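Student: Handing you this structure, nothing more for now.
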Amino acid sequence: MKESQKYAIVDIETTGHSPVSGDRMIQIAIVIMQEWEIVKKYSTFINPGKPIPLFIQDLTNITDEDVKDALPFEAYADYIYELLEGAVFVAHNTDFDLNFLQEEFKRAGLSKWHGKKIDTVELTKILFPMSLSYKLADLANEFHIELQSAHRADDDALATAYLLKHCWEELLTLPLVTLEQLHKRSFRLRTDLSQLFFDALVIKRTKTTLTDEGHVFYRRIAIRKMAPTPKSDGEELVYPQTTDEKMALLLKGIPNFEERPQQFQMMDSIWHALNTNAEHVIEASTGIGKTMGYLVPSIYYAKKTNQKIGISTYTSHLLDQLMQNDIPILEIALGKPIKMALLKGMNHYIDVEKFEKELKTQDDSYDQTFTVLQTLIWLAKTETGDLSELNVSGGGQLLIDKIRKTALPKTTMPLYDFYSRAIQNSRQADIIVTNHAMLLSDLVRNEQIFNSLGGWVIDEAHQFIQAAINQHEKIFTYMNWKYLFGQIGIQEDEQLFYKIRRVAIKKQLLNYPTLDQLEKRYIQMVNAFDTAMAALLRGVKDAHHQSKQQKIEVFVSELPLGREVLMKVSFTVQQWVDEATELIRKFTSSVEELAPEHEYLIEQWQYIVNEFTIKLSEWDDVFLSQDSEYSCWLELDQRSVPGSIQLYKKPIEVTSTIRKLMDPIREKSGIVWTSGTLTVPSNERFITNQLGINPSIPIEKLHADPSYYDGAEVYIVNDMPDIQAVSQSEYIEEVAHAVTNTVRMTNGRCFVLFTSQDMLRKTVNLIQESELLSDYMIFAQGVTSGSRMRLLKSFQKFNHSVLFGTNSFWEGVDVPGDGLSAVIVVRLPFSSPEEPAFKARANYITQQGRNSFTELALPDAIIRFKQGFGRLIRSSHDKGVFIVLDRRIETKSYGQQFIESLPPISIQKLPLHSMVQSLGNWYNEKR
């Protein structure tokens, strides 16, 4: 680093995002750093000459009162410009801060500022590719940087300065070869990081104290060494039988631990099941400490018997919680390390050889370059090689998919191969943590991994059914096929075929007629596919010509598709695959050694051939096989045809599959199934029957003490209209009215849960048009752009906010503490009777002479209803209201079952105006 280098770390707060549209600054802060020390700070409020929008005041805590005595930007412009002279401009999102500042300079009559810039968002995404979030507040928290008030320019600028220094220090810890790769590729980045990388590289080369210990090297890639497996001390652990013994144990790891009798009961039940090789089912509600309830007996049993225990979960969130939070706590309590192994499916892991070959490509796109840099740094840090650790952009996902592990190495090589490392770790572990998909895959694995375990705990057991469905699901996606076609191209397209053709001719491996024939096969394949898709769309149009819905779902069996058209696709794809494979044989059997770039071309070609082999199997499975045990349907969005075409094929029933997996385990070891949601009042064995669990095995129900729910209240609005008696628009007006009243009474922090995306969108549109919630930030699934997690993070960012969600928000979303005040249930969460997967299951039950409503629709809805309530109270300190707008909970005979599924808490049935008044009283009391 040039010791005299001056960095100007800048942060601004504004009335909005567009200075051209009249938005103005309300605060600016500049921190000057030289030699990685702060030498000057500058901060001032700025009078924007207009009122500050309420949501900006909410975000920044800067009010009109704060800026009333400040001057306009023009009064400060010259001094700010002077501070930036000769400096590298640094900001956490330079695209916003610098561009806004340039517009303000222009408006003040100053020339455009020129100089280098560093975006700490870009920098931290590269250097910390495993961070969950790159918001300044989240990074500050992760790296223990003080940030007193996020979204205040003075505090943000200071935190960004310390973040920049932390990045510099991090650069100096990287292996030399990694730094060299960073610098070499950094010239394609959006901001001027190359000089920073070069300065670190110079220091790394000259200071011998900065070594690369702790890494192994594959070609020019640094990989973190495999951590040694903790050695067993040989001391036998004695299971804590009494309450006092359990308390003494857990207080060592959790100083403020409070006794939970249900948790201790769960420990003893699991301890007994494992020791007697029994099968046991436990419904453990939120609040009893379920995870620690099964970890303690599992570890003691593994130590006692020297047998491994498997723990399987459904969500990555719970896997992370186990490995990062719960296991370390228990290690502290025990006073010794626990031999743990996290094991996922092969394609979760990176193939280092594939990645090394990707480094040789000439792809200079930003996304490719950026993801390569992230991956290089990640490989120097990761202990697992699990690609899900990488936080990459959507554009970078293509590279990630290319470097996934898809085949076992020819020889076991845990030094470089992370999947081999994981397998090796699992053989030495006491506890193997995995996911349901990995466990289910043992059914089709040539060499089973889990056949020697001494017992299993299946957490999130109700999701084991969905995991089994997903395991056998087949999906056809129009855009995936078109993408692969585009990768090949014809000679004129100058894509992969063009490049392969040139090399083949140059090396005299194939003649012109053979290559022309291969191109002809490609054209025939594409034409056959396009013809089939056109026939498919004609069938959909004929079946739904009067439909005004944007999204269409239709069973494939209902479409008049000619088998000849479908078989022609299969035939032409197979022809192309055969001839494309012959091309590979010609190259690989050549006596002349291929140049590295030509080897890479062949590997790309092989990848495409393999992909089309898989696609061909999917095509035959989805379109040509007749299987009554599966449902197969098409989905498309009429606004985006044919690009939105997708076909799904799912098993109707998976009980037999689960039995096939679990029966051999039942014969030799204990199995514990547990979840917070396993029963419904009228059909206690709804879940366990689908899991193939013997009806003679009882379900142990462990529920939190009623005091756990002291902060909860349930309201049933009993004067909402019957949706069957009014038009949809009238019902939506009433929903919007109820939602706006509730939101304004609780000051936001509300989830509004729908079962229909269409109703959600129309309700949100009506609320936005009315401007009744104009002071609130509204986030709506399917309306606001972004993933579910992005919407959730945005919702948590603002005090005055509302989140509208559909199916995926009913479960698996945690908003702890004061982050959530109310959950509003617009409709009881019955599946749509026309939803294809549900319809196929319902028909299957009906054909057996059973009642699909009582055996499927109702219990399925109650399970989801319980999960919806579970979003509200996640700890004994949480407070919130659960509001049901659907009158069926009161007017239908089955409504009482929904009520009985809730914990024992206060339930009030009131008209809307009384509910709002009562809600206001409750809210004021609880604050």
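The values are calculated or read from the model by the stated rules, or taken from the named source; none is laboratory data. From a predicted model like this one, the values you see are computed outputs, not experimental measurements. Ideal geometry is used to build each Cβ from the backbone, glycine not excepted, and the neighbour counts take in all protein chains shown. For accessibility, only protein heavy atoms count, side chains too; no ligands or nucleic acids. Shrake-Rupley method; radii C 1.70, N 1.55, O 1.52, S 1.80 Å.
Student: No solvent, one uniform scatterer per C-alpha: report log10 I(q)/I(0) for segment 122-211 via the Debye equation at q = 0.14, 0.17, 0.23 1/Å, two decimals.
Tutor: Those come out to -0.55, -0.77, -1.14, one per q.
Student: A further question follows. For residue 804, what residues show an amide H to amide H distance below 5 Å, using hydrogens built from the backbone and excluding near sequence neighbours?
Tutor: Amide H to amide H, under 5 Å and 5 or more residues apart or across chains, residue 804 pairs with 752, 779, 780, 781.
Student: Considering amide H positions built from the backbone, and no H for Pro or chain starts, which residues 5 or more places from residue 883, or on another chain, come under 5 Å of its amide H?
Tutor: 715, 823, 824, 825
Student: For segment 62-162, what's the relative contact order in percent, using C-alpha pairs closer than 8 Å and at least 6 residues apart?
Tutor: Value for segment 62-162: 23 percent.
Student: Kindly identify segment 492-624 as rounded, prolate or oblate by the Cα gyration tensor criterion: order the square roots of the eigenvalues as a ≥ b ≥ c, call it rounded if a/c is under 1.5, otherwise compare a/b with b/c, prolate if a/b is larger, else oblate.
Tutor: Prolate shape, in that a/c is at least 1.5 and a/b is the bigger ratio.
Student: Ignoring ligands, DNA and RNA, what accessible area per residue does segment 1-86 give at 1.4 Å, in Å²?
Tutor: I get 48 Å² per residue for segment 1-86.
Student: Provide the per-residue ³J(HN,Hα) series for segment 581-588, in order, calculated from phi with Karplus coefficients 6.51, -1.76, 1.60 and θ = phi - 60°, each as a whole number of Hz, with x at glycine and proline positions.
Tutor: 5, 4, 4, 4, 4, 4, 5, 6
Student: So what J values fall out for segment 294-303 if you push phi through Karplus, 6.51 cos²θ - 1.76 cosθ + 1.60 with θ = phi - 60°, rounded to Hz, Gly and Pro as x?
Tutor: Per residue, the Karplus-derived 3J(HN,Hα) values read 9, 5, 4, x, 5, 5, 5, 5, 4, 5 Hz.
Student: Provide the packing ranking of 484-492, 908-916, i.e. peptides ordered by the mean count of other C-beta atoms within 10 Å per residue, highest first.
Tutor: 908-916, 484-492
Student: Next question. Name the residue farthest towards the positive end of the dipole of segment 264-396 from the options 325, 301, 377, assuming +1 on Cβ of Lys and Arg, -1 on Cβ of Asp and Glu, about the Cα centre.
Tutor: 301
Student: Rounded to a whole number, what % of the accessible area of the chain do carbon and sulfur atoms account for, probe 1.4 Å?
Tutor: Ligands and nucleic acids excluded, carbon and sulfur give 48 percent.
Student: What is the chain's relative contact order, in percent, from Cα pairs under 8 angstrom and six or more apart in sequence?
Tutor: Across the chain, relative contact order equals 11 percent.
Student: Calculate, for segment 443-560, the solvent-accessible area per residue in square angstrom, rolling a 1.4 angstrom probe over the heavy atoms of the protein chains.
Tutor: The answer is 53 Å² per residue.
Student: Mind checking which of 904, 914, 838 is farthest towards the positive end of segment 809-927's charge dipole, using Cβ charges of +1 (Lys, Arg) and -1 (Asp, Glu) about the Cα centre?
Tutor: So the residue furthest toward the plus end is 914.
Student: Taking the Cα centre of each part, how many Å lie between segment 648-675 and segment 763-792?
Tutor: Centre-to-centre distance over Cα atoms comes out at 41 Å.
Student: Ranked from highest to lowest mean number of other Cβ atoms within 10 Å per residue, what is the order of the peptides 684-693, 263-272?
Tutor: 263-272, 684-693
Student: Relative to a virtual label point 7 Å from the Cα of residue 775 in the Cα→beta-carbon direction, which members of segment 731-745 show backbone nitrogen distances below 16 Å?
Tutor: 740-745
Student: A follow-up question, please. Let me know the whole percent of all Cα-Cα pairs from segment 24-81 that are separated by more than 18 Å.
Tutor: For segment 24-81, the fraction of Cα-Cα distances above 18 Å is 41 percent.
Student: Could I ask something else about it? Compute the normalised compactness of segment 187-336: alpha-carbon radius of gyration over 2.2 N^0.38 Å, N being the residue count.
Tutor: 1.54
Student: Let me ask something else about it. Round to the nearest 0.05 the FRET efficiency obtained for residue 492 and residue 190 when R0 = 30 Å and r is the Cβ-Cβ distance.
Tutor: 0.35
Student: Please work out the FRET efficiency for the pair residue 725 and residue 902, using the Cβ-Cβ distance as r and a Förster radius of 25 Å; give the result to the nearest 0.05.
Tutor: My answer for the efficiency is 0.40.
Student: Now, a different point. Please report the relative contact order for segment 719-854, taking Cα pairs under 8 Å with a sequence separation of at least 6, and give it as a percent rounded to a whole number.
Tutor: 29
Student: Using the structure shown, list the pairs from 225/354; 793/866; 207/354; 116/381 with a Cα-Cα distance above 21 Å, or answer none.
Tutor: Listed pairs above 21 Å: 793/866; 207/354; 116/381.
Student: Can I ask one more? Which of 605, 72, 90 sits farthest toward the positive end of the charge dipole of the chain, with +1 on the Cβ of Lys and Arg and -1 on the Cβ of Asp and Glu?
Tutor: The Cα lying farthest towards the positive end belongs to 605.
Student: What percent of all Cα-Cα pairs in segment 582-655 falls in each 10 Å bin, counting up from 0?
Tutor: 15, 28, 23, 19, 14, 2
Student: Can you tell me the order of 420-429, 633-642 when each peptide is scored by its average per-residue count of other Cβ atoms within 10 angstrom, highest first?
Tutor: With the highest mean Cβ count within 10 Å placed first, the list reads 420-429, 633-642.
Student: Could you name the lysines whose alpha carbon sits less than 19 Å from that of residue 360, not counting residues in the same chain fewer than 8 places away?
Tutor: Leaving aside lysines fewer than 8 places away in the same chain, those within reach of residue 360 are 184, 402, 405, 499.
Student: Okay, next question. With +1 on the Cβ of every Lys and Arg and -1 on the Cβ of every Asp and Glu, and nothing else charged, how large is the dipole of segment 517-632 about its Cα centre, in debye rounded to the nearest 20?
Tutor: That gives segment 517-632 a dipole magnitude of about 680 debye.
Student: Hey, another quick one. Exceeding 18 Å between C-alpha atoms, which entries from my cross-link table qualify? They are 6/165; 474/615; 506/586; 541/650; 290/701.
Tutor: 541/650
Student: Mind checking segment 117-191 for trypsin sites (Lys or Arg not before Pro) that DSSP puts in a loop (not H, G, I, E or B) and that have at most 14 other Cβ atoms within 10 Å?
Tutor: Answer in residue order: 190.
Student: So if R0 is 60 Å, what FRET efficiency would residue 832 and residue 393 give, r being the distance between their Cβ atoms, rounded to the nearest 0.05?
Tutor: Taking R0 as 60 Å, the efficiency between residue 832 and residue 393 is 0.95.
Student: Using +1 on the beta carbon of Lys and Arg, -1 on that of Asp and Glu, and nothing else charged, what's the dipole of the chain about the Cα centre, debye to 20?
Tutor: 1640
Student: Mind checking the full-extension length gain between residue 112 and residue 875? Use 0.36 nm per residue of separation minus the Cα-Cα distance, one decimal, nm.
Tutor: 269.4 nm
Student: Then there is this: At a probe size of 1.4 Å, how large is the accessible area of residue 477, to the nearest 10 Å²?
Tutor: Here the accessible area works out near 20 Å².
Student: Could you state the accessible area per residue of segment 313-367 in Å², with a 1.4 Å probe and every protein chain left in place?
Tutor: 44
Student: Can I ask one more? Please give the Cα centre distance for segment 736-750 versus segment 65-138, rounded to the nearest Å.
Tutor: Between the Cα centres of segment 736-750 and segment 65-138 lies a distance of 37 Å.
Student: Can you give the charge dipole size of segment 736-861 about its Cα centre, rounded to the nearest 20 debye, using +1 on the beta carbon of Lys and Arg and -1 on the beta carbon of Asp and Glu?
Tutor: So the dipole magnitude of segment 736-861 works out to roughly 160 debye.
Student: Calculate one ³J(HN,Hα) per residue across segment 479-490 by plugging θ = phi - 60° into the Karplus curve 6.51 cos²θ - 1.76 cosθ + 1.60, and present them in order as whole Hz with x for glycine and proline.
Tutor: 5, 5, 5, 5, 4, 5, 4, x, 5, 7, x, 9
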